[in-house]
Amino acid sequence: LVAEIEKKITEAFEVFDRESNKTVDVREIGCIVRSLGCFPTEAEVQELLEKIEVEEPGGFVHLEHFLPVMTKVLLDRRFRPIPEDVILHAFEALDENKCGYITKDDLVKHLTKE
């Protein structure tokens, strides 16, 4: 189980590791955590960062420091996923034409301008 979790975390981390050097910008940690199905508040993300050694002055996080902290978070089920009905309600709010889908252009508009 731990090996599977670590593999999942590593794969999510590598998506944001733009230079393939096992580091990511500290500002990406919230996105990585959320991509793993956890939905912490920004304050909770900051608490996580306090447990992870962040390389100064550049503000980079090494996978070797992130992996054990995030593994514990997932094993402890520390952050509950967003309930399905909440996600559905958010989708319905974006689906202005009530057609059951959102076009790419509409999604880009909502994510970048609204």
Worksheet item: Of the residues in segment 59-87, how many are farther than 26 Å from R18 by Cα, at pLDDT 90 or above and aliphatic (A, V, I, L, M)?
Response: 1
Item to complete: Kindly check whether there is at least one residue in segment 96-109 that is closer than 24 Å to E11 by Cα and not β-branched (V, I, T).
Response: no
Response to the item:
The number of residues in segment 33-42 that are part of a helix (DSSP H, G or I) and either in contact (Cβ under 8 Å) with a residue 24 or more places away in the chain or outside the structural domain of L63 (by the TED database) (or both) is 1
Discussion item. Looking only at segment 79-114, filter to residues that are surrounded by 13 or more Cβ atoms within 10 Å (Cβ to Cβ) and touching a helix residue (DSSP H, G or I) at 6+ places or on another chain (Cβ under 8 Å); which one of those is nearest to V33 (Cα to Cα)?
Written reply: F79
Discussion item. For segment 24-56, give me the residue count where each residue is open to solvent by less than 70 Å² (accessible area, probe 1.4 Å) and over 15 Å from the mean Cα position of the chain (by Cα).
Written reply: 2
Worksheet entry | segment 1-23, residues that are over 17 Å from the mean Cα position of the chain (by Cα) and part of a loop (DSSP other than H, G, I, E, B) | L1, E19, S20, N21
Discussion item. Give me the residue from segment 66-89 that is in a helix (DSSP H, G or I) and in contact (Cβ under 8 Å) with a residue 12 or more places away in the chain and, out of that set, farthest from E14 (Cα to Cα).
Written reply: L75
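The values are calculated or read from the model by the stated rules, or taken from the named source; none is laboratory data. Since this is a predicted model, take the numbers as computed values, not measurements. Backbone-built Cβ (ideal geometry, glycine too); neighbour counts: all protein chains shown. Each accessible area value is taken on the protein alone, full model and side chains, heavy atoms only, with ligands, DNA and RNA left out. Shrake-Rupley method; radii C 1.70, N 1.55, O 1.52, S 1.80 Å.
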